[in-house]
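Student: There's a structure below that I have some questions on.
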């Protein structure tokens, strides 16, 4: 991503630990924001709940970069875990655990790319950082925050850390366990001194693959679930960093235990905690147990990925997303209005040379944003306020386009000048022009990762034919459709309405929508 010119960082975010909206004040280095985001446990196919978190923090990253900050974003991959071992062993036929993990890591990567989520600065795997995890366990043992059980498991002693529970505002005496239910088994619970302690290192089991364990001073085994994030955040961001992010369901026990480990090691760890809310379906939290886990690959087979991103990514990150076909239909209608307006602006501005509406992404990122949009985004990423500005800009663009259509009619009658030279202004907004408003709209949408003329959405406008799409198939389709539209225009000129309608119907049957305007016919895929 490009970085906009530096401006004072005015962003305020809700800090889950402080339970308040606070100013973000990066202290690692001026002009740089460091973020650690809990990524995927690659046990199965990615669903929209995973993508909701990825998109929410992608918007945060884009806004920070738009504010002139350099962002270092680490998003981990958990590729060794109880669930991965269990599911790979239960597959028919069984699959090596590492092959199972790699398969779904690739599926997550494909889903991120399809939905326009920019790649992180680094994306470390848990299996690639076992030495750092062993080093952290040794440090905690030496500091008296951990102990080795009789079976070779290593546990964090939660009573040794006075601040345990501070992230989620819980008292230790009110807790029965600090383990995630998916991580609890008889072997791990067997040699705990206190049932509230959590596993740092799990001793190797005869029932598990031999290659799913590593040698350590206290015995062969594998890391506990929480250990990896503490070790990897320090490896890539240092002992303290600006923001730790993830889904709200990770706050306890995962993030609470991460913080305990890191503080026990003497590290400052995360200065701010930012969590996104979950996705609900028919009012219930999306989960496989409820049978409403929506897999991204299946949704992409029937829905435009830009529409999925719009539905998931324009709701405040701390608000629940109610996912339904009705909401997808609303998002699809809005996306069509946005891309349709930018398409019309493109048509108006086209004059055979470089099209100003199709300015490079770097130029769009440098364009000034309305004060209302900036104020909304700076106040805890207030997407409702930002989207209100988007809708207002879209309305002004459509008004300007309507004036172009009217002015174009007069110009054609007078045979004076081509429509591309028409500057449209109004008494209310005297500086409005189609090109300027289209660029304004693109600049606002780019913050949300939804600029129709930027990757990966460039094919959304003009069917990909005028936006640098490098698909030979799309170019061939454009050639054929343009020829048919020329025939249709001639039929209309000859008042052969039957042939004109038949050509349009044939295109519609092929999934091509034709829209008429005074600037001529334009097409896009249905």
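Student: With a 10 Å Cβ neighbour count serving as the proxy for reagent exposure, in which order, fewest first, do 156, 252 appear?
Tutor: In increasing order of surrounding Cβ atoms, one gets 252, 156.
Student: Moving on. Quick one: helix 325-349 against the long Cα principal axis of the chain, what's the angle to the nearest 10°, folded into 0 to 90?
Tutor: The angle comes out near 50 degrees.
Student: With a ≥ b ≥ c the root eigenvalues of the C-alpha gyration tensor of the stretch 354-405, is it rounded (a/c under 1.5), prolate (a/b larger than b/c) or oblate?
Tutor: On the way: a/c = 3.33, a/b = 1.37, b/c = 2.44.
The shape class here is oblate.
Student: On the principal axes of its Cα set, how long, how wide and how thick is the stretch 17-114? Give whole Å, largest value first.
Tutor: 52, 29, 23
Student: Next question, about the same structure. Run lengths n ≥ 4 of DSSP H only: what is the helix-derived mean residue ellipticity at 222 nm for the chain, with -39500 (n - 2.57) per run over all residues, to the nearest 500?
Tutor: Using -39500 (n - 2.57) per qualifying helix, the result is -13000 deg cm²/dmol.
Student: OK, next. Nearest 10 degrees, 0 to 90: what angle lies between the long axis of helix 434-447 and the longest principal axis of the chain (Cα atoms)?
Tutor: 10 degrees
Student: Right, here's the next one. Roughly what % of DSSP beta bridges within the chain run antiparallel, to the nearest 5?
Tutor: Around 50 percent of the beta bridges assigned by DSSP in the chain are antiparallel ones.
Student: Over the chain, what is the mean sequence separation of C-alpha contacts under 8 Å (at least six apart), divided by residue count, expressed as relative contact order in percent? Display every interim value, and only then the final one.
Tutor: Details: 809 pairs, mean separation 75.0, N = 526.
Across the chain, relative contact order equals 14 percent.
Student: What distance in nm lies between label points placed 7 Å from Cα along the C-beta direction at residue 110 and residue 301?
Tutor: Taking the simple label geometry, residue 110 and residue 301 are separated by 1.1 nm.
Student: In what sequence do 307, 137, 95 fall when counting other Cβ within 10 Å, fewest first?
Tutor: The order, fewest Cβ neighbours first, is 95, 307, 137.
Student: Is the stretch 195-261 best put as rounded, prolate or oblate by its Cα gyration tensor, with a ≥ b ≥ c the root eigenvalues, rounded for a/c under 1.5, and otherwise prolate when a/b is larger than b/c, oblate when not?
Tutor: Working: a/c = 2.34, a/b = 1.69, b/c = 1.38.
Prolate, since a/c reaches 1.5 and a/b exceeds b/c.
Student: Cut-off is 10 Å between beta-carbons; in what order do 38, 229 appear when sorted fewest neighbours first?
Tutor: Placing the least packed residue first, the sequence is 38, 229.
Student: Let me know the shape class of the chain, please: from the alpha-carbon gyration tensor, a ≥ b ≥ c as square roots of the eigenvalues, rounded when a/c is under 1.5, otherwise prolate if a/b is greater than b/c, or oblate.
Tutor: It is prolate, given that a/c is not under 1.5 and a/b is the larger ratio.
Student: Once both axes come from the Cα atoms, what is the angle between helix 227-237 and the longest principal axis of the chain, in degrees from 0 to 90, rounded to 10?
Tutor: Value to nearest ten degrees: 60.
Student: I've got another one for you. With both bridge residues required to lie in the stretch 173-310, what share of the DSSP beta bridges run antiparallel, to the nearest 5%?
Tutor: Bridges in the stretch 173-310 that DSSP calls antiparallel: roughly 45 percent.
Where a number appears in this text, it was derived from the coordinates with a stated rule and is not lab data. The structure presented is a predicted model; accordingly, all values stated were derived computationally and were not measured. Reconstructed Cβ throughout: ideal geometry from the backbone, glycine too, with neighbour counts over all protein chains shown.
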